[in-house]
1. Within 10 Å of each Cβ in peptide A:85-95, how many partner chain Cβ atoms are there on average? Round it to a whole number, please.
2. For the protein assembly as shown, take every pair of Cα atoms, bin their distances at 10 Å starting from 0, and report each bin as a whole percent.
3. Below 8 Å between Cα atoms, with a sequence gap of 6+, how large is the relative contact order for chain B in percent?
4. Where Rh denotes the Kirkwood radius from the mean inverse Cα pair distance, what is Rg over Rh for the range B:115-176?
5. Test of understanding: express the Cα radius of gyration of the range B:99-138 as a ratio to 2.2 N^0.38 Å, with N the residue count.
6. Could you rank the peptides B:93-105, B:154-166 by their average count of other C-beta atoms within 10 Å per residue, with the highest value first?
7. Give me the Å³ per residue figure for the convex hull around the C-alpha atoms of the range B:64-125.
8. Could you check how many percent of all C-alpha pairs in chain B are farther apart than 20 Å?
């Protein structure tokens, strides 16, 4: 499995990758992106099986990234991992094709639960 | 169909009242930071008389850009959290001076911690808050005024296993 992690914070990308390992995805190949635009380019070239994206990112937000992906016909499983988790955001995320929105801080257990059935 | 009063056409003024914003209890702060940093955290209530000039203050603003809440910490705690977040060796804190400034690489990580801490202040029944800036208290301005004000506040003494301890506070703006 190949997982693309998009977050403008290097520290948060490290935490997502650490938690993925703790949740049982230690064998996955991982790709990192520093913003939405970088993530879109890597999604097109790396063909990940799963995308985990922050919501607020420079150059292109997570939501804009998702919209662009779907407009490209890329149906890769997509989940938001973000510090905000309002009901409105969840609705927006799902409406645009995300499978889940996981709020920070997360644990290996919440990660595993969110990914069950989608990855 | 319910009747509505005629619109005056004038835009409503931004809400400048943070009284509905929840202030976290110590257990919530402890668990939140422990989950974020992936290590043990201890948290006790504290009542600091004041905050050092170098203390970084996170400014949380409403969707209208109004400053409604703040998060302030002593430099040692901000540094400890910043190092823990990136899983740096504890020796990364050797260069940290108690009265600041916060080293840049740790400041970047502390910004992320403060960003995630907004989750403790957001609720379905209070204005939506987003982190704007994190600046030293000595920078002054409305952020410093908020910290010094008699607005609702709570402070804690926080210890991050393996990294260090310090003070963390949250303050909300009272209605004008």
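We did not get these values from a lab; they are worked out from the coordinates using the rules stated. Predicted, not measured: the structure shown is a model, and the values here were computed from it. Cβ: placed from backbone, ideal geometry, glycine included. Neighbour counts: every protein chain shown.
1. Numbers: counts 2, 4, 1, 2, 1, 0, 0, 0, 0, 0, 0.
Taking all residues of A:85-95 together, the mean is 1.
2. Answer for the protein assembly as shown: a P(r) of 6, 27, 32, 23, 10, 2, 0 percent.
3. Numbers: 348 pairs, mean separation 62.7, N = 176.
Relative contact order here is 36 percent.
4. Details: Rg = 13.3 Å, Rh = 13.6 Å.
That ratio equals 0.98.
5. Details: Rg = 12.4 Å, N = 40, 2.2 N^0.38 = 8.9 Å.
For the range B:99-138, the normalised Cα radius of gyration comes out at 1.38.
6. Values: B:93-105: 14.5, B:154-166: 19.3.
Most protected by this proxy first, the peptides run B:154-166, B:93-105.
7. On the way: hull volume 6.1 nm³, N = 62.
It comes to 99 Å³ per residue, whole-number rounded.
8. Values: 7914 of 15400 pairs.
Of the Cα pairs, 51 percent sit more than 20 Å apart.
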